[in-house]
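The values are calculated or read from the model by the stated rules, or taken from the named source; none is laboratory data. No experiment lies behind these values; they were computed from the predicted model shown. So basically every Cβ, Gly included, is an ideal-geometry build from the backbone, and we count neighbours across all protein chains shown. In case anyone asks, the SASA skips ligands and DNA or RNA and just uses the protein heavy atoms, side chains included. Shrake-Rupley method; radii C 1.70, N 1.55, O 1.52, S 1.80 Å.
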Amino acid sequence: MMGFFTPKAKIVEVFKSIQGEGKYLGVPQVFVRFYGCGAKCIWCDTPHARQGGEFKIYEPQELVSQIMPLSEGAHSISITGGEPLEQKDFLKEFLPLLKTRGLKIYLETNGVHDKALREVVGYIDIIAMDIKLPSSTKQEAYWKEHEDFLRLLSRKDVFIKTVVSCDTLKEEVIVAAKLASKINRDIIFILQPNYFDLEKDVVRRCCQLQKLCLPFLHDVRVIPQVHKLVGLK
Ligand code: SF4
C-alpha cells in the first residue's frame, strides 16, 4: 500500500540572531534559511542559499524539533532564503506545526510567487516583501507579480523593502512607490541601501529617493542592513 507523501525541504541553516532589516529591526528571531531561488539578483547576499551551496534535507517535524530549543524568548520565526515560497508544499505542512506551538511566523520573500502565497498566507503573521527593481537587480521587472502578491496582503502586517544600489533608476523607485500606494498609502516602504555600495554614497541617494516617494506614500524609511554593520549573522 502506498504511504502518504511527506514533503521535504532543502534547508541551508537554522540559527538565532537579531533581525537586521526593516520594521522589526532588532527583535530576536530564529532564522530558518531555505535553499534555492529562481531570481538572480546581481547583488544577492545569500548566493550559497541560491545555487550550488550546501543544504540539508528536512521533514516538517524534524525541522520543528531543530527550531524549538532556540525559540525561547524569540519574537518570531523568520522563514527566509533563498526564496521559501519556492518550497510551498513543505510550508503547507510545516507552518501549521509551528503555529500549534504558539510561535509567530515572519516570512521574508522576494514577493513574486502570489499563487504559492495564497496557499500559506493564513499561517503567516508578518511579511517582509521585496520589490525588485530591474536597474538594481539587472533582472526582468516583476511589477505585475508584485502587485498581485501585495493584493493578497491587505489585512496582514506587511512592509515593503526595496534595495537601492548606485545603478538604481529613480523612475523605477517611483513606479514601485505608486504600485504600493494603489494597495495601501500607509504601508511602510523601506529603501535599503545596498550593502556593497555603502562607500559609494548610496545612503544619500536613498534619502533623495525618499523625498520622491513621499507624495505617494505616508511612511517611507531609509534603513540599512544593521546586522551586517555590526558584524552579526
Ligand atoms: S530574490 Fe533574494 S535570494 Fe533570490 S537572488 Fe534575489 S536577493 Fe538572492
Query raised in the report: Wholly within the range 162-233, which helices (runs of 4 or more DSSP H) include no fewer than the required count, namely at least 3 residues that are without any contact (Cβ under 8 Å) to a residue 60 or more places away in the chain?
Result: 170-183, 202-213
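Give the range 54-81 a look and list any residue that's under 24 Å from K23 (Cβ atoms), surrounded by 17 or more Cβ atoms within 10 Å (Cβ to Cβ) and more than 16 Å from the ligand (Cβ to nearest atom), or say none.
I67, L70, S71, A74, H75, S76, I77
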Requested in this report: Filter the range 29-51 for residues that are more than 6 Å from the ligand (Cβ to nearest atom), within 13 Å of the chain's Cα centre (by Cα) and closer than 14 Å to T137 by Cα and give the result.
Outcome: D45
Query - Residue pairs meeting the criteria (Cβ under 6 Å; at least 6 apart or on separate chains; first under 23 Å from E86 (Cα atoms), in the range 9-20; second open to solvent by 40 Å² or more (accessible area, probe 1.4 Å) and part of a strand (DSSP E or B)) - result: I11/K56
**Report entry** Scan of the range 14-47 for residues that are crowded, with 19+ Cβ neighbours inside 10 Å and in a strand (DSSP E or B), ordered by number
**Finding:** Q29, V30, F31, V32, R33, F34
**Report entry** Top-ranked residue of the range 137-149 - restricted to ones that are in contact with an Asp or Glu (Cβ under 9 Å, 6 or more places away or on another chain) and of a type in the set (A, V, I, L, M, F, W, C), ranked as nearest to D197 (Cα to Cα)
**Finding:** A141
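Rundown of residues vs (1) closer than 30 Å to W143 by Cα; (2) in contact with a helix residue (DSSP H, G or I) (Cβ under 9 Å, 6 or more places away or on another chain); (3) of a type outside the set (K, R); (4) at pLDDT below 95, yes/no style:
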residue	(1), (2), (3), (4)
F55	no, yes, yes, no
Q61	no, yes, yes, no
I67	no, yes, yes, no
L70	no, no, yes, no
S76	yes, no, yes, no
P84	yes, yes, yes, no
L98	no, yes, yes, no
V112	yes, yes, yes, no
A116	yes, yes, yes, no
Query raised in the report: Filtering the range 89-135 down to residues that are without any contact (Cβ under 8 Å) to a residue 12 or more places away in the chain and of a type outside the set (D, E, K, R), which residue is nearest to the ligand (Cβ to nearest atom)?
Result: G122
**Report entry** In the range 147-185, the residues that are more than 19 Å from the chain's Cα centre (by Cα) and of a type outside the set (S, T, N, Q)
**Finding:** C166, D167, L169, K170, E171, E172, I174, V175, K178, K182, R185
Query raised in the report: Taking the range 82-116, which residues are outside any helix (DSSP H, G or I) and open to solvent by 10 Å² or more (accessible area, probe 1.4 Å)?
Result: G82, R101, G102, L103, K104, E108, N110, V112, H113
Query raised in the report: Does at least one position in the range 137-145 carry a residue that is in contact (Cβ under 8 Å) with a residue 40 or more places away in the chain and in contact with a helix residue (DSSP H, G or I) (Cβ under 8 Å, 6 or more places away or on another chain)?
Result: no
